[in-house]
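In what follows, a structure is listed as structure tokens, so that the remarks can point back to it.
The values are calculated or read from the model by the stated rules, or taken from the named source; none is laboratory data. What you are looking at is a predicted structure, and each value in this text was computed from that prediction instead of being measured. So basically every Cβ, Gly included, is an ideal-geometry build from the backbone, and we count neighbours across all protein chains shown. Accessible surface areas use protein heavy atoms only, side chains included; no ligands, DNA or RNA. Shrake-Rupley method; radii C 1.70, N 1.55, O 1.52, S 1.80 Å.
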Amino acid sequence: THSRDPSLSFVATQAWMMAVGAVFLHATVLAMPGQSFAGATWTPSALVSLAYLSVVAGVGGFVLYFRLLAELGPIEMSFIEYVIPVFAALAGWLVLDQAVTAATVAGFACILAGFVAAKWPALTEEFDRVTGDGHVDPAD
């Protein structure tokens, strides 16, 4: 897609992709046996969840993702996928009163260790810049 000059902005392109996806998902629900729109229960919690998923996670997430993708590039943006479960667990804990187990915390610690290992040069450079330390890595 980088070699092409699209006629639509990326926000308009995403809106069209979501519209096509919505049509496909609705058609799939109608085609699946035992599924129907009439079976949906429209509780206040369901409506708030739908609004959140549509506006914040859907529209906001796509716009933010593709803006950051243009600025940071695909390798840096791939790290986002590892942070999503952390926020999902926090949301589950805060909103749904779900337990955060020791295994969950250990998994997040492993993710953090991976981030630190992958970004170590950039982290030390930023630390040196902030502290004004003239530290020189012996490997250099």
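Figures for the structure shown
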| read-out | value |
| --- | --- |
| Residue-normalised accessible area of segment 76-128, expressed per residue, 1.4 Å probe, Å² | 73 Å² |
| Estimated [θ] at 222 nm from DSSP helical runs (n ≥ 4, -39500 (n - 2.57)) normalised by residues in the chain, nearest 500 | -22000 deg cm²/dmol |
| Accessible surface of the chain [probe 1.4 Å, protein heavy atoms]: carbon and sulfur percent | 71 percent |
| Rg/Rh ratio calculated on Cα atoms of the chain (Kirkwood radius) | 1.09 |
| Spacing of the two label points (7 Å from each Cα toward its C-beta) at Ala15 and Val29, in nm | 2.3 nm |
| Solvent exposure, largest accessible area first (probe 1.4 Å, DNA, RNA and ligands not counted), of Tyr82, Tyr65 | Tyr82, Tyr65 |
| Helix axis angle, 80-96 relative to the chain longest principal axis, alpha carbon, degrees | 60 degrees |
| Taking segment 1-130 and dividing mean pair separation by its residue count, relative contact order in percent (alpha carbons under 8 Å, at least six apart) | 15 percent |
| Cα-based shape type of segment 4-60, given that a ≥ b ≥ c are square roots of the gyration tensor eigenvalues and the cut on a/c is 1.5 | oblate |
| Longest to shortest principal axis, alpha-carbon extents of segment 73-132, angstrom | 43, 27, 19 |
| Computed label-point distance, nm, for sites Ala46 and Arg129 using a 7 Å Cα→Cβ extension | 5.0 nm |
